[in-house]
Every structure is written in C-alpha cells, then in structure tokens.
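Please read the structure below before turning to the comments.
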Ligand code: NAD
Ligand code: ZN
C-alpha cells in the first residue's frame, strides 16, 4: 500500500493499493464511529459490481446506501436534490458522513452534496476508475448546468481517499484508456523518465497491479503538489488543463458521452504537443494508435467545429486562444496562439 498526504488547507491522506478499504476497520474506524450516520452515495453500475465488497469492510457500522444513475447525466440538479432528499428523509445531521463510491461523476456529485448538506459534512472518496485518481484528489466538486459543464460547484476537500485498485479490474477497456490519458498527462507536465516508461506500454490491459499502484501514486503526487501550491486555482493549477482546451471543445461538439473525457484529452494533448513542437509528439501519436485512442476521430471534426468552444475556454479571454503548452516535459506554460497558427497546426495534426 502507498499513502501520501495532501497538504491542503485541511490536510488528508490518500491510500492506494489492493485491499486498502480494510483501513475502515483500523485507521478510519474512529472517524466512522464518530459519525451519527453514514451514507454511501454510489454509482448504480459500481454498486451492482462492488457494493457487497465495500459493505464487507463496513460491517460494524450502520450504513445506508443511495444509488445514483451511472454517467455524466447524474451531475444534475435533480440528482443533487435527490441525494439531499434522501439524507433528510433518513434523518442525517451535521454529524453524519458521506462515502462517495464510484468514478469522477459520483466523486463530483457526492462531494458537492457533502459540501452543501447542512453547510458541509465530511466525506471520503472511494474512487473506482483510473480517471478518478485525478478527480478524487484536489477537492473540486461540481454538477453541470445546461449551459456548461461543472458550472455549479465548490472547493471542498475530502477527509480521506481510499483507492482500492482491486475495484479497477472490472473497468471496460474504454474507461481504462480514458483514465490512462490523465495519468500520461500528469507525466507530461512533470517527469520525462516516467513519461518514457508509460510510452512503452503496448497494451493498457496488461499493466500489473504493482505498476498500476505506482502510476496512480505518481499521478496523485503530481496533482497533490499542484493543489498544495494553488488550492483555489489562481495560478499553477491551470497546468492540469494540459490537453483540455481542445478536449473540452471536442466533448462539447460531439455531445457528452460520445467520447470519454480521457480519450478527448488524448487528442487534445496531441494537439498541444503539435502547437508546442514537443519532441515526443510522434511517440505519443504511435502510443495512442497502439492503445486504441480514437485519433481517426479528428478527421471528422473541422477546426471550425471546435474554434468557438476553444475561444470560450475558461483560460482564454477576449476571443483569443490560450493553451497550456510544453516545450520540454515537466515545464508547462501558458501561451496565446493566433488563430491562423492554431488552424494550420490543427490541419497538420489531422493530416
Ligand atoms: P464515471 O464516473 O462516469 O465512470 C465511467 C464509467 O465507468 C461509468 O459508466 C461507471 O458506471 C463505470 N465504472 C466506474 N467504476 C467502475 C468499475 N470499477 N468497474 C466497472 N465500471 C465502472 O467517469 P470518470 O471517467 O471516472 O469521471 C469523469 C468525471 O470526472 C467527469 O464528470 C469529470 O468532469 C470529472 N472530473 C472531475 C475532476 C475534479 O477535479 N473534480 C477532475 C477530472 C474529472
Ligand atoms: Zn481531465
């Protein structure tokens, strides 16, 4: 098991490894015992696969389970209200505790519920996707507004993150790809040696548990270091958006759910590497190809299709185009790119 501490305003531990849920009966027994009620807010899909496993670690405690639908659609005001209605109907109080059981969607919704229920109660993240190594750490919680993703939310750190990699074995290949894109993003913005190791992976479904723990730990360490420096995203935290300007535009253009977030980020990183003139561009493109990322999807998306969305990106202002770029692995920076160059590099990548 690997453990690391996130030195946020309110520090907490992240534990990664096979069977770490066992910490509910040791290190976190007191925290659970001190709550007057415990709610598991679970992705219904994850619940059908793994709820019994989770409950087996919570045996001495009275736990009530609320299942929410799988998928991005659950980040809605309706599901948010349903969670609150459940907690109120079940008599939860300010002394209660929430366990978020699922991927980034559940983490974002349950975190937002925890931050607003009776003005805030503690919650523990139990991530079940690879992508959630990113979303479970850092304390950003959110639901979507019809006019934009993550438009309603808070900064609210969890009390702990228990990342049991045993749960990852049931992930479909698409979700493994999605999560590994964010892992490689963390490598791009931090460490050439680690990046080299990841680029050698020829098949994502053959990564051993030991290696997976290592990659997730490194990814979380990168995220944690940035969050510690910039918890409320006024500076370096925006480097975590490497590859995301185009990714968000592609997701918005295609409609959410047509491509996974991580797959879109992979395309976005390829574009950012192209704009940067990064020496790893070709290696990255062949890694994407080998591992089944939908690079060919770009041929059906014109520059015009994504331009408007990229201009609306949070990092851009006044209609300009801003990107997180990377001349060398580990040293991200922001750059404003004029539209002509953005277009010709986009066409070059598509060719
Ligand atoms: P997700 O939570 O929708 O999970 C993806 C799919 O995998 C779902 O269908 C889910 O039912 C299924 N699944 C989850 N765990 C499984 C398991 N162990 N076995 C089998 N199937 C499983 O998506 P995600 O990719 O984990 O997260 C994406 C969300 O995270 C987005 O909404 C994004 O905005 C958010 N996010 C938040 C942050 C943050 O800092 N808060 C960072 C990155 C992403
Ligand atoms: Zn992302």
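Tabulated data for the structure shown
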| read-out | value |
| --- | --- |
| Meets criteria (over 18 Å from the mean Cα position of the chain (by Cα), free of Cβ contacts under 8 Å to residues at least 12 places away in the same chain and within 24 Å of residue 75 (Cβ to Cβ)) for residue 255 | yes |
| Qualifying residue in region 262-270 (condition: in contact with a strand residue (DSSP E or B) (Cβ under 7 Å, 6 or more places away or on another chain) and touching a residue at least 40 places away in the same chain (Cβ under 8 Å)) | no |
| Qualifying residue in region 258-268 (condition: surrounded by fewer than 18 Cβ atoms within 10 Å (Cβ to Cβ) and either assigned by TED's automatic domain parsing to the domain that holds residue 150 or within 27 Å of residue 207 (Cβ to Cβ) (or both)) | yes |
| Qualifying residue in region 281-291 (condition: more than 14 Å from ligand 1 (Cβ to nearest atom), under 14 Å from residue 134 (Cα atoms) and buried (at least 19 other Cβ atoms within 10 Å of the Cβ)) | no |
| Residue within region 141-158 that is crowded, with 23+ Cβ neighbours inside 10 Å, within 16 Å of ligand 2 (Cβ to nearest atom) and touching a residue at least 12 places away in the same chain (Cβ under 8 Å) present | yes |
| Entirely in region 145-240, the helices (runs of 4 or more DSSP H) that have 1 or more residues that are within 16 Å of ligand 1 (Cβ to nearest atom) and in contact with a strand residue (DSSP E or B) (Cβ under 9 Å, 6 or more places away or on another chain) | 173-188, 209-229 |
| Selected residue (criterion: farthest from ligand 2 (Cβ to nearest atom)) from residues of region 222-253 that are under 18 Å from residue 311 (Cβ atoms) and surrounded by fewer than 22 Cβ atoms within 10 Å (Cβ to Cβ) | 253 |
| From 112, 117, 86, residue being in contact with a helix residue (DSSP H, G or I) (Cβ under 6 Å, 6 or more places away or on another chain), in a helix (DSSP H, G or I) and modelled with pLDDT of 95 or more | 117 |
| Some residue of region 127-136 being more than 15 Å from ligand 2 (Cβ to nearest atom) and surrounded by 24 or more Cβ atoms within 10 Å (Cβ to Cβ) | yes |
| Conditions (1) surrounded by fewer than 24 Cβ atoms within 10 Å (Cβ to Cβ); (2) near ligand 1 (Cβ under 7 Å from one of its atoms); (3) at pLDDT 95 or above: number failed by residue 106 | (1) |
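Yes/no matrix, rows are residues, columns are (1) surrounded by 12 or more Cβ atoms within 10 Å (Cβ to Cβ); (2) in a helix (DSSP H, G or I):
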{"position": "296", "(1), (2)": "no, yes"}
{"position": "299", "(1), (2)": "no, yes"}
{"position": "305", "(1), (2)": "yes, yes"}
{"position": "309", "(1), (2)": "yes, yes"}
{"position": "325", "(1), (2)": "yes, no"}
{"position": "336", "(1), (2)": "yes, no"}
{"position": "342", "(1), (2)": "yes, yes"}
{"position": "345", "(1), (2)": "yes, yes"}
{"position": "348", "(1), (2)": "no, yes"}
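The values are calculated or read from the model by the stated rules, or taken from the named source; none is laboratory data. Here the structure is a predicted model, which is why all the values come from computation and not from measurement. Neighbour counts run over all protein chains shown; Cβ positions are idealised from the backbone, glycine included.
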